[in-house]
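First comes the structure, then the notes that go with it.
The values are calculated or read from the model by the stated rules, or taken from the named source; none is laboratory data. Just so it is clear, the structure is predicted and the values come from calculations on it, not from any experiment. Cβ: placed from backbone, ideal geometry, glycine included. Neighbour counts: every protein chain shown.
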Amino acid sequence: MQKNIFLGTAGTSIFIALSGIASGSILARLLGPEERGELTAIILWAPLIAALFLAGIHESANYYTARSNTIKKSKQITISVLWLSIILSFIGLIFGSVIFLFSPVNKFNETTVTLSLIYLIYVPIYIISTSLLGVDQGKQYFKAYNLTRILQPFSYLIGIGVLYINNIINLTNLVILLLITSSFPLFIRVYSYRWALFIKPTLYYSSAIFYQGLKYHSAFIVFMVSSQLDRIILVSIANFNDVGIYTVAYSLMYAATNLIGSTFQTIIFPLATRIKHQNERLLYISGMFQAAFFVLFVAVVILIFMASIIVPFIFGDDFSGAIIISQILAAGYGFLTIKNIIVRSIRALGNTKLGLQAELVYGVSIVIITLIFYFLINITAYIIAIIVLCSSILCVIFVLFYFCKYYKVSIKNLFNIKSGVKVLTSLIIY
């Protein structure tokens, strides 16, 4: 069973990453650095607003569903999750519109501002679909979970092809396409749980899920903001050309490292949660981390050495300036993936504090280092990449120190590549 789950989730993550790289490659070549940067500015703010009002419901749904031991309890959890996500969606859309008025995007031209406002429709789409995917993950419906995750990147890639064939690729059509393709997972998950729309949620389960979600949410929202701080800063102070070059470097290296992180994170949390004894959970998490680190280490080394070939090949010569940025970000996002795997995994041990602390360390580091550079030299895409690398190193040092000290885990054992190869082999074979 574990083999099928791992291979299915890994295959899904690889497919999503490749689809993202393919669509990014096509858009980069068709739009060029400046328009690619403008598209980044347009779609940057809605996901942040959506994350703010998600309130950790997806994490709570995963947690409670994985621990539910009766069909009745599982159904009550699903009902509460669906209705909570609907309510939070509309609150997020209303308040998000107000928050948007104070975002840096308002300094741009009228078209950019208008499209950014239209893209706020993404807020309810994201909140409802992500919450219901949390239910799927908790139930270990990994097949449905993975198939739903594939829909958006695959349909978006197909949609870009359709726009290209009809010679109608422009920013307006791309924003509309993003909203349409993002809606597919929403419609499928709501349809699957449509029975819950006609049943009143109970106050007991709704309250429990909401308050548990808030415990996770502080870390999640800080994660969403800190993970996009580099682009927020760049969009706020740089031109679209710099933003476009940075975006292709980011999209490539984030996709490559995140497919490893998301694969292991998706599996570790729900499976570890079902292990009864704390010590056994810790052993399981440590073993899975060893396997994840081995795969990540190999991937980052390859990315750094191959960036000079990969970047021009995928995005074209106009983006050759993204090569060095890509190499720096490969290392930076490699460190961040280590942090993400540890933080997400130990939630199965009941630890929700480290996530918030780690994201604060990373976010504060970015802000402080950016301010230092700002007063010394001009902030460019290269400087932002260096800031990300420095901040990610500081963050990982903090996370590893906390994890090893609090759970009495040897740092040498945690990064034991030989053990990692054995665990990875067992995941693939058994």
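Can you pull out the residues in the stretch 32-61 that are farther than 30 Å from GLY244 by Cα, under 16 Å from the mean Cα position of the chain (by Cα) and part of a helix (DSSP H, G or I)? Passing the criteria: ILE57, HIS58, GLU59.
Here's the yes/no breakdown for (1) assigned to a helix (DSSP H, G or I); (2) at pLDDT 85 or above; (3) closer than 19 Å to ALA381 by Cα:
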residue	(1), (2), (3)
TYR284	yes, no, no
ALA292	yes, no, no
ILE309	yes, yes, no
ILE323	yes, yes, yes
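Can you find even one residue in the stretch 157-180 that is assigned to a helix (DSSP H, G or I) and touching a Gly at 6+ places or on another chain (Cβ under 6 Å)? Yes: the stretch 157-180 contains one or more residues that are assigned to a helix (DSSP H, G or I) and touching a Gly at 6+ places or on another chain (Cβ under 6 Å). In the stretch 296-313, of all residues being surrounded by 19 or more Cβ atoms within 10 Å (Cβ to Cβ) and touching a residue at least 40 places away in the same chain (Cβ under 8 Å), the one that is nearest to VAL248 (Cα to Cα) corresponds to VAL311.
Within the stretch 239-259, the set of residues being modelled with pLDDT of 80 or more and among the aliphatic types (A, V, I, L, M) comprises VAL243, ILE245, VAL248, ALA249, LEU252, MET253, ALA255, ALA256.
Here are some conditions: (1) modelled with pLDDT of 85 or more; (2) crowded, with 17+ Cβ neighbours inside 10 Å; (3) more than 22 Å from the chain's Cα centre (by Cα). PHE90 meets all but one. Which one does it not meet? Answer for PHE90: the failing condition is (2). Only one of the numbered conditions (1) of a type in the set (A, V, I, L, M); (2) in contact with a helix residue (DSSP H, G or I) (Cβ under 8 Å, 6 or more places away or on another chain); (3) modelled with pLDDT under 85 is not met by LEU376, and that is (2). Residue count for the stretch 166-181 under the criterion of being among the polar types (S, T, N, Q) and surrounded by 16 or more Cβ atoms within 10 Å (Cβ to Cβ): the result is 1. Do the conditions hold for PHE95, that is, is it modelled with pLDDT under 85, assigned to a loop (DSSP other than H, G, I, E, B) and over 23 Å from LEU31 (Cα atoms)? Answer is no for this residue. Determine whether VAL190 is in the same structural domain as VAL135 (by TED's automatic domain parsing), modelled with pLDDT under 80 and either of a type in the set (A, V, I, L, M) or in contact with a Gly (Cβ under 9 Å, 6 or more places away or on another chain) (or both). Against the criterion (in the same structural domain as VAL135 (by TED's automatic domain parsing), modelled with pLDDT under 80 and either of a type in the set (A, V, I, L, M) or in contact with a Gly (Cβ under 9 Å, 6 or more places away or on another chain) (or both)), VAL190 does not qualify. Within the stretch 383-406, restricting attention to residues that are at pLDDT below 90 and of a type in the set (Ser, Thr, Tyr), the residue that is farthest from the chain's Cα centre (by Cα) is TYR406.
Can you name the number of the only condition in (1) without any contact (Cβ under 8 Å) to a residue 60 or more places away in the chain; (2) of a type in the set (D, E, K, R); (3) surrounded by 18 or more Cβ atoms within 10 Å (Cβ to Cβ) that ARG194 fails? Going through the list (1) without any contact (Cβ under 8 Å) to a residue 60 or more places away in the chain; (2) of a type in the set (D, E, K, R); (3) surrounded by 18 or more Cβ atoms within 10 Å (Cβ to Cβ), ARG194 breaks only (3).
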